[in-house]
Amino acid sequence: MTVYLLAPTSLRVAPDDFPARVRARFASELRRAGRFAQLCLLGAQACLDAAGGDGALGVLWASEFGALYAARAALDEDLRRGEAAMPFTFIATQPHLAGALLAQRSHPVTRTACLYLPADAWPSLPRLAQRWLAECERVLVGCVEESGSGGVAHRSDWCLFRKKPAAGALRCERSLEAESAADATTEDWIPRVAAWHRPAPLLLRGGEDAWSFASDG
Amino acid sequence: MTGTFVRAAALASALGPDLDSAVERLAGAPVAPARNTKTGGAWPYFAIPISGGDWRERAEAIARSVAGDLRREAAIEPARWAELPCIVGSSSFSVGAWDEGGWAALEPSFEFASRLARAFGVRGPVTALSTTCTSGLSALDVALGLIAEGEFREVLVLGAEFCNRLTVAGFAGLELLSATAARPCDRERDGLVLGEALAAVLVSAAPSPWRIAALATGMDAASVTGPAADGAAIASAMRAAMGGARWESAAVDLIKLQSGGGRLADSAEANAVRELFAPVPGAVSLKGALGHTLGASGPAELALLLASLARGRVPATWGFAERDGELGLAPSGGDAQGVRRVLFNLSGFGGSVMSLALERAL
């Protein structure tokens, strides 16, 4: 089944700059959402802004560590003292909440899931998006990772899959040519798709599974 | 008959280390959960009666025990078993390891899911996902897709939730817990009681007694921690499940409620049920007996319900004693003869709402 990919968006934000970026995009709306959810929303919203369109939206994202730092805060600050966790600290430990926050911003979200994936398992995302497109008009797919240190940027990469062709969209299909495909990872497959501007298809592989991304013109 | 079927299921829960003991105990008098000192001791908690080793060793021991039960029931040849893909749903994965071992004991969620898969003796692809309390049914949803596309004929689905202080402290902080007992749909209900479970469901393209007729998902974004009071998103998911199964509402014989004893959440689900059904069919909640097992609750309650029905009983709803006039629901157990179509509800934090349509196939 062919699907179409729009607006591959690669966001890298230095940890020190992150609060200002969130404030600039969402004012104070996300003050209590937790950093992982904020990071998801910042990238997802940028992708949706670039892609446009409407219709039922699935939201599917992957992470290796999820809301690691919210969990760390809850464990270190509350549980070590033997106290109940602060509500917003606890809620922020659940990475899945980012989907609801997107729905609360007037996007017609009908289903969401957060996957924990190893680096080479990124093809699970377009495959699952393909399935979801049986019920959704669009599926927003992301790879999100909080930085563990000041010198490394936060990552929030997103793209939008659609059933139907659209101006500027790439045709995406599973490829049988896994051997000739380049190895890609959860961290770099969306940035590589975003940077691809040649007429020939881009063939990327993760594990045994390969995908072809080609211009639709 | 074509589609996807529940070939086998197994469960370790507070009701017992295996499904047989759980069904037997559920048929008897209700037993109150103990206060669990491992989670701070302040709240009742439904713990699996298996002990030994550190947190991770205990989780693996529970997994091996459930795996043995599932393999016996599934009766799949070893080579086919080893190739099974495994989809793991959980809201907390290995966060409980922190309780004893600190940061060094924590591992990424995918690695913990792979650890569980290895304990089951399967080497196919592993997927780990979280949609909070609906995680286990979301895992089932992924499995249904793999079978429908013909990639696999059988898929192992795990719902895993193991004892941890973070979850209990979080629900306590949100003031969602009862200090005494879970009383689903009861007039005196005052909150949830949490629990742990490991449930395994083997779904297959080969016909078995229960067919999965449809699984519908929805989003209720009214709040990240609870449903909208009118239950509209829950009603919409139930309607979509019945539509997918091509049932009229009158065809539903039994509703497995999400209801866990929360005042608002039970009320929202009751509003949804009353919107779709008149009269309301038989209903049951299992959270008074299992506790709310969060990401494991889908597979855990599915395993327990189908095993009870196979033994001819709709289980009683532990904790329900007095009808709440505003809810208009009175879950009750009884003879399972005539129960051919079941609507199975689940919802969770983050607005995730799911409804599963099950029908007898054999």
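Data table
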| read-out | value |
| --- | --- |
| Accessible area per residue in Å² at 1.4 Å probe, computed on chain A | 41 |
| Three-way shape label, region B:210-360, alpha-carbon gyration tensor, a/c 1.5 | rounded |
| In Å², nearest 10: area of A:K164 left accessible to a 1.4 Å probe | 110 |
| Shielding score for B:221-229, defined as the mean number of other chain Cβ atoms within 10 Å | 4 |
| Projected label distance in nm at B:A75 and B:D335, using a 7 Å step from Cα toward the beta-carbon | 2.9 |
| Sequence-separation-based contact order of region B:4-204, relative, with Cα cut under 8 Å and 6+ spacing, percent | 31 |
| Estimated dipole of region B:50-112 in Debye, rounded to 20 [Cβ of Lys and Arg +1, of Asp and Glu -1, Cα centre] | 200 |
| Accessible area (Å², 1.4 Å probe, nearest 10) - A:R12 | 90 |
| For region B:223-362, with +1 on Lys and Arg beta carbons and -1 on Asp and Glu, the positive-most of B:A240, B:P299, B:F344 along the dipole | B:P299 |
| Between 0 and 90°, nearest 10: helix A:35-51 axis offset from chain A longest Cα axis | 30 |
| Residue mean of other protein chain beta carbons inside 10 Å, B:89-101 | 2 |
| Rounded to the nearest 10 Å², the accessible area of A:L68 at probe 1.4 Å | 40 |
| Averaged over B:313-326, number of beta-carbon atoms from partner chains that fall within 10 Å | 0 |
| Stretch gain in nm, segment B:A229-B:E326, where the contour uses 0.36 nm per residue and the Cα spacing is subtracted | 33.7 nm |
| Restricting region B:111-179 to GluC sites (Glu not before Pro) in coil, as DSSP defines it, with at most 13 other Cβ within 10 Å | B:E149, B:E151, B:E175 |
| Accessible surface, per residue, of region B:55-138 when the full set of protein chains is kept, probe 1.4 Å, Å² | 34 |
| Alpha-carbon centroids, region B:12-64 and region A:126-198: separation in whole Å | 41 |
| Mean Cβ count within 10 Å, highest first, over the residues of peptides B:5-15, A:39-49, B:78-88 | B:5-15, A:39-49, B:78-88 |
| Directionally averaged shadow of the protein assembly as shown, computed from the convex hull of its alpha-carbon atoms, nm² | 24.4 |
| Descending semi-axes in Å of region B:4-204, equivalent ellipsoid built from Cα gyration tensor | 29, 19, 16 |
| Spin-label pair A:M1/A:A200, simplified geometry with 7 Å Cα→Cβ offset, distance in nm | 3.0 |
| FRET efficiency estimate (nearest 0.05) - Cβ-Cβ, A:R72 to B:D190, R0 41 angstrom | 0.80 |
| For region A:49-91, residues shielded by at least 50 square angstrom of accessible area compared with the chain on its own, probe 1.4 Å | A:L75, A:L79, A:F90, A:I91 |
| Antiparallel content of DSSP bridges confined to chain B, in %, to 5 | 70 |
| Rounded to 5, percent antiparallel among DSSP beta bridges of chain A | 65 |
| Rounded percent of accessible protein surface that carbon and sulfur make up, chain A, 1.4 Å probe | 50 |
| Probe 1.4 Å, all protein chains present, accessible-area order of B:E275, B:E269, largest first | B:E275, B:E269 |
| Electrostatic dipole magnitude of chain B [Cβ: Lys, Arg +1; Asp, Glu -1; Cα centre; debye, to 20] | 540 |
| Which of A:W196, B:W318 is most accessible, then next, and so on - probe 1.4 Å | A:W196, B:W318 |
| Fraction of accessible area attributable to carbon and sulfur, region B:4-204 (%, probe 1.4 Å) | 51 |
| Inter-site label distance for A:D49 and B:R360 at 7 Å from Cα along Cβ, in nm | 5.8 |
| Length-normalised contact order of chain B in % [C-alpha pairs under 8 Å, at least 6 apart] | 24 |
| Listed residue (B:G124, B:V95, B:A47) projecting farthest to the positive dipole end of region B:4-204, Cβ model | B:A47 |
| At R0 = 60 Å, FRET efficiency that the Cβ-Cβ distance of A:A119 and B:A29 yields, to 0.05 | 0.70 |
| Of the DSSP H helices in chain B, those whose Cα atoms cover at least 24 Å axially and whose Kyte score averages 0.5 or more | none |
| Solvent-accessible area buried by pairing B with A, both sides, nearest 100 square angstrom, 1.4 angstrom probe | 3300 |
| Residue-averaged 222 nm ellipticity for chain B, from DSSP H runs of 4+ at -39500 (n - 2.57), nearest 500 | -10000 deg cm²/dmol |
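The values are calculated or read from the model by the stated rules, or taken from the named source; none is laboratory data. Quick caveat, the model's predicted, so the values are computed rather than measured. Methodologically, a virtual Cβ is constructed for each residue, glycine included, from the backbone with ideal geometry; neighbour enumeration extends over all protein chains shown. Surface accessibility is based on the protein's heavy atoms, side chains included, excluding ligands, DNA and RNA. Shrake-Rupley method; radii C 1.70, N 1.55, O 1.52, S 1.80 Å.
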